[in-house]
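The values are calculated or read from the model by the stated rules, or taken from the named source; none is laboratory data. Quick caveat: nothing in here was measured; it's all calculated off a predicted structure. Glycine also receives a Cβ, built like all others from the backbone with ideal geometry; neighbour counts cover every protein chain displayed. Side chains are part of the model used for accessible areas, which takes the heavy atoms of the whole protein and leaves out ligands, DNA and RNA. Shrake-Rupley method; radii C 1.70, N 1.55, O 1.52, S 1.80 Å.
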Amino acid sequence: MSTQAPLRFFCPFAAATLLLAPALAEETPADQVVTLQGSDSTGGFSHGNTYPAVAMPFAMNAWSPFTQPVKDSFFYQYRQPKLRGLRQTHQPSPWIADYAAFSVMPVSGELICDEEGRASEFSHDKEVAKPFYYSVEMDTWNVSAEMTVTERCASFRFTYPEEKDGYVILDAFPKGSSVEVQPDQQRIVGWVKNNSGGVPQNFANHFIIQFDQPFLDQGTWKPGAEPSKDLKAEDEHVGAWVKIDPKKGPVTFKAVSSFIDQAQAETTLGLEIGDKDFDAVMEAGKKRWNDTLGKIEIEGGLPDQRRTFYTAMYRATLFPHRLNEPGADGKDRYYSPYDGKVHEGVMFTDSGFWDTFRCVHPLFNILFPELNDQILQGVLAAYEQSGWLPAWASPGHRGCMIGNHAFSLFADAWAKGNRNFDAKKAVEAMLHDSSHEGPIASIGRDGAPSYLQRGYASDDKTHESAAKTLEYAYNDYCAMIVAEGVGNQEAAETFRKRTGNYKNLWDPEVGFMRGKLSTGEWKPDFDPARWGSPFTEGCSWHYTWSVFHDMQGLIDLMGGDQAFTDKLDDVFQADPRVNTGAYGGMIHEMAEMIAANMGQYAHGNQPIQHMIYLYGYAGQPWKTQIHAREVMARLYHPTPDGLCGDEDNGQTSAWYVFSALGMYPVNPASDEYVIGSPIFDKATVHLDNGKTFTVTADTNGPMRPYIQEASLNGEPLNRCFLRHGEITSGGEVRFRMDSFKKEDWAAGPDSRPSSQSRPAK
């Protein structure tokens with residue numbers, strides 16, 4: 001469907017929210033992070049679906065306040081007036097839910113343990129939320145609660161009114177828990193098992209709560225019963241309580257947990273906190289975040305843009321969570337959620353690759369290549385321990401989303417030259433997973449028999465068949481890249497034959513990708529706005545562009561450059577209607593697309609997030625520039641409602657990080673980044689090799705989104721992409737920006753990013 005309607009233009013400055021107070025010059029990157037961004041969410045409408053995580057980058061766990069009943073996975077909702085406690089959390093997404101969680105809560109005056117009774121009124125005016133520190137006034141109890149963290153531990157400081165009794169309530173949560181109060185050692189120990197699957201039978205999170213002062217009294221409790229003075233309790237849902245002396249000043253205590261055992265928890269507590277007081281732990285945490293966020297220094301831009309940028313970097317570096325724990329002998333070991341055994345080495349979890357393959361892992365390959373290598377080593381360990389590559393781990397295999405995007409992680413790293421993983425083992429794993437259906441639909445290849453026989457997963461045999469076919473074709477391309485790299489030509493040829501399978505779903509009569517039946521006939525009653533199967537959390541408007549590896553092939557299917565860019569324009573100009581289709585009713589992703597009012601562009605969910613960057617493949621990069629600016633200005637703000645859908649393990653945030661720098665990895669399995677429109681005057685990327693890469697945008701501003709000319713290391717640059725090696729070698733790309741489009745910059749045939757059908761020169 002083509003239209004001659006003029007492209008809708010947008011003034012980014014006009015759509016900006018009211019600015020917060022100007023950022024102070026002495027504010028560090030960690031000070032500018034707004035951890036409450038995205039927390040104004042519910043199951044019916046998402047502004048991010050986030051919680052204010054107090055955590056170190058890639059830590060084993062996080063801590064967060066929570067406002068909702070324990071059973072509610074949307075556990076921190078900004079508009080709620082009460083807090084129920086401070087919880088250790090591993091939750092990567094409310095749709096996946098938390099596991100191995102427990103909480104602490106101060107109360108004063110009287111002993112109240114249950115979550116409704118102990119809840120306290122609070123005000124955001126008396127709440128401080130930083131990546132490394134959280135404090136709040138519990139107004140009901142007149143208690144000031146503070147917490148700060150290490151990778152696997154937390155330190156707390158509760159200040160009570162001196163004239164009242166003070167209590168700390170531990171809630172070990174439902175689904176199996178055990179507690180023991182040990183007054184002679186001034187601590188509470190125990191384990192929790194709450195989870196929603198993906199764990200072996202012997203799974204447990206072992207914790208220690210170590211206090212700095214003796215208890216005046218102590219006991220345990222169960223929901224629906226009076227608190228007991230029994231020192232031990234084990235059941236479906238138990239907790240513990242201790243009474244402390246507020247006259248001695250603030251009570252401080254430390255919390256640590258381990259998936260291995262309590263002895264490991266003790267070792268970790270000594271190594272990570274030891275004798276450090278609360279303030280020392282907090283300062284170390286702040287430094288760690290400034291070191292991480294400081295990998296990219298930004299200059300210029302609006303205060304809200306700077307806050308949004310560092311908040312996005314914070315979100316992009318919370319996941320995946322580490323599972324490995326430090327031994328006294330200096331060796332890392334971890335409890336495997338795949339085979340229930342303890343292994344030496346590294347392991348990560350709590351990440352959905354369907355989301356993060358797109359630009360989270362590409363970001364890691366620039367900023368944290370050694371970390372990304374470790375993640376891939378863990379991915380292969382999961383394969384060895386379970387027989388399958390992970391797709392959505394939390395902590396083990398979970399049934400969520402589609403595709404074989406571990407393949408993309410391998411190819412992404414390989415294409416960037418980050419190859420410290422067993423690539424031959426990866427090819428073995430990819431051959432296995434691409435030809436077998438797994439025990440759950442998210443691992444292996446759901447619909448493999450049809451896909452291998454017909455070149456597409458058929459709609460009458462496989463749920464979400466069209467989305468899976470498109471993503472499998474890209475996954476096969478990724479596998480081909482790695483197989484070629486290790487010299488396994490037989491495997492490479494096997495995968496190469498499937499990389500064009502996306503073409504089997506192109507219907508020139510309707511001009512969209514669509515589902516196909518096992519008979520070879522099209523799925524009837526096609527509507528490009530129909531959501532759900534044969535697509536996943538979207539419709540054909542979104543998935544038609546899911547040919548990451550071969551945009552030139554898609555351009556050819558559509559009839560050439562002009563037809564392709566017309567179709568891209570149509571996405572933004574179309575009526576933002578939804579046909580609820582297979583869902584049978586509105587889901588939050590639909591409502592969020594309509595609310596964004598950008599036609600059929602649904603930035604709140606992942607399938608279409610790369611689409612803005614496709615104009616350069618057909619010679620119109622200036623349209624990428626204006627649309628990227630529009631999305632950044634309209635859909636990202638450093639506020640509780642400052643995201644436009646599911647944040648999803650850092651993907652939506654990493655999109656902003658890349659886009660604010662002026663580039664995006666459309667095809668992660670290549671070494672190219674498509675150029676967009678940088679929003680800062682200068683951004684300096686500090687690389688692990690000691691070099692720096694600088695993005696400079698002269699004459700930049702909110703109303704100057706268009707690139708007029710560019711240079712790379714002083715030489716004219718007239719192509720709309722950068723190569724990974726050009727970034728990691730250090731240097732500078734420099735743009736001159738203005739308010740009017742420059743249609744001839746990087747518009748020629750030789751200026752375009754590569755595709756499988758159009759290899760790089």
Practice item. For Lys516, go through the lysines and keep the ones whose alpha-carbon is under 28 Å away, minus same-chain ones fewer than eight residues off. Key: Lys461, Lys468, Lys497, Lys503, Lys567
Practice item. Label the range 167-265 by shape, choosing from rounded, prolate and oblate, from the square roots a ≥ b ≥ c of the eigenvalues of the Cα gyration tensor; if a/c is under 1.5 it is rounded, and otherwise prolate applies when a/b is larger than b/c, oblate when it is not. Key: oblate
Practice item. State the answer as a single residue: which of Tyr134, Cys113, Thr150 lies farthest towards the positive end of the charge dipole of the range 103-173, with beta carbon charges of +1 for Lys and Arg and -1 for Asp and Glu, about the Cα centre. Key: Thr150
Check your understanding: FRET efficiency for Lys761 and Met703, Cβ-Cβ distance as r, R0 = 30 Å, nearest 0.05?
Key -> 0.25
Study note, to complete from the structure: Everything considered on the Cα gyration tensor (a ≥ b ≥ c; rounded for a/c under 1.5, else prolate if a/b is larger than b/c, else oblate), the range 500-594 must be described as oblate
Review point. Given the Cα-Cα distance of Asp744 and His686 and 0.36 nm per residue of separation, how much length would full extension add, in nm?
Key: 17.7 nm
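State to the nearest 20 debye the size of the charge dipole of the chain about its Cα centre, where the only charges are +1 on K and R beta carbons and -1 on D and E beta carbons. Each step should come with its number before you reach the end.
Details: 69 positive and 99 negative charges, 232 e Å.
Charge dipole of the chain: 1120 debye, to the nearest 20.
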Check your understanding: Under 11 Å from a point 7 Å along the Cα-to-Cβ line of Gln80: which residues of the range 45-71 have their amide N that close?
Key -> 65-71
Point to revise | Label point distance in nm, Asp261-Leu452, each placed 7 Å from Cα along Cα→Cβ | key: 4.3
Practice item. Per residue of the range 702-709, in order, report the coupling 6.51 cos²θ - 1.76 cosθ + 1.60 (Karplus, θ = phi - 60°) as ³J(HN,Hα) in whole Hz, putting x for Gly and Pro. Key: x, 9, 10, x, 9, 7, 9, 7
Review point. What nm distance separates the two modelled labels at Trp522 and His436, each placed 7 Å from Cα along Cα→Cβ?
Key: 3.8
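Quick check on packing: order 157-168, 468-479 by the mean number of other C-beta atoms within 10 Å, highest mean leading.
On the way: 157-168: 19.7, 468-479: 27.9.
Per-residue Cβ counts within 10 Å, averaged per peptide and sorted highest first, yield 468-479, 157-168.
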Revision key, fill the gap. accessible surface per residue for the chain, probe 1.4 Å, DNA/RNA/ligands not counted, whole Å² -> 33
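Please report the carbon-and-sulfur percent of the accessible area for the range 29-120; probe 1.4 Å, protein heavy atoms only, DNA, RNA and ligands left out.
On the way: 1080 of 2160 Å².
Answer for the range 29-120: carbon and sulfur cover 50 percent of the accessible area.
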Review point. Which label marks the calculated value of volume of the Cα convex hull per residue in Å³, given the options (1) 136; (2) 147; (3) 182?
Key: (2)
Revision key, fill the gap. The alpha-carbon pair-distance distribution computed for the range 138-197, with 10 angstrom bins and whole-percent values, is 16, 36, 39, 8, 0
Review point. In the structure displayed, which of Lys82/Lys287; Lys331/Lys425; Lys416/Lys742; Lys164/Lys287; Lys193/Lys295 lie more than 28 Å apart, Cα to Cα?
Key: Lys82/Lys287; Lys416/Lys742; Lys164/Lys287; Lys193/Lys295
Exercise for review: Please name which of Tyr601, Asn579, Val547 has its Cα lying farthest along the dipole of the range 545-602 towards the positive end, using unit charges on Cβ (Lys, Arg +1; Asp, Glu -1) and the Cα centre as origin.
Suggested key: Asn579
Point to revise | Estimated distance in nm for a label pair at Leu231 and Asp422, the labels positioned 7 Å out from Cα along Cα-to-Cβ | key: 4.7
Study note, to complete from the structure: For the range 665-761, shape from the Cα gyration tensor axes a ≥ b ≥ c, cut at a/c of 1.5 then a/b versus b/c, turns out oblate
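What FRET efficiency comes out for the pair Lys331/Ser123, r = Cβ-Cβ distance, R0 = 41 Å, nearest 0.05?
Values: r = 47 Å, r/R0 = 1.14.
The calculated FRET efficiency here is 0.30.
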**Study point:** Phi to ³J(HN,Hα) by Karplus 6.51 cos²θ - 1.76 cosθ + 1.60 over the range 319-334, Hz, x for Gly, Pro
**Key:** 10, x, 7, 6, 10, 6, 10, x, x, 4, 7, x, 9, 7, 9, 8
Review point. Suppose every K and R has +1 on its Cβ and every D and E has -1 on its Cβ; what is the size of the dipole of the range 627-693 about the Cα centre, in Debye to the nearest 20?
Key: 280
Exercise for review: Output ³J(HN,Hα) for the range 112-128: one whole-Hz value per residue in order, computed from phi by the Karplus curve 6.51 cos²θ - 1.76 cosθ + 1.60 with θ = phi - 60°, and x for Gly and Pro.
Suggested key: 10, 9, 5, 5, 6, x, 7, 4, 10, 4, 8, 10, 5, 5, 10, 10, 10
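Tally up the carbon and sulfur contribution to the accessible surface of the range 595-666 as a whole percent, 1.4 Å probe, everything protein left in place.
With neighbouring chains kept in place, the figure for the range 595-666 is 43 percent.
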Point to revise | Distance violations [Cα-Cα > 30 Å] among Lys232/Lys286; Lys623/Lys761; Lys424/Lys761 | key: Lys232/Lys286
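Using packing as a proxy for protection, rank 711-717, 171-177 so that the peptide with the highest average count of other Cβ atoms within 10 Å comes first. Each step should come with its number before you reach the end.
Details: 711-717: 12.7, 171-177: 22.4.
Output ranking for 711-717, 171-177: 171-177, 711-717.
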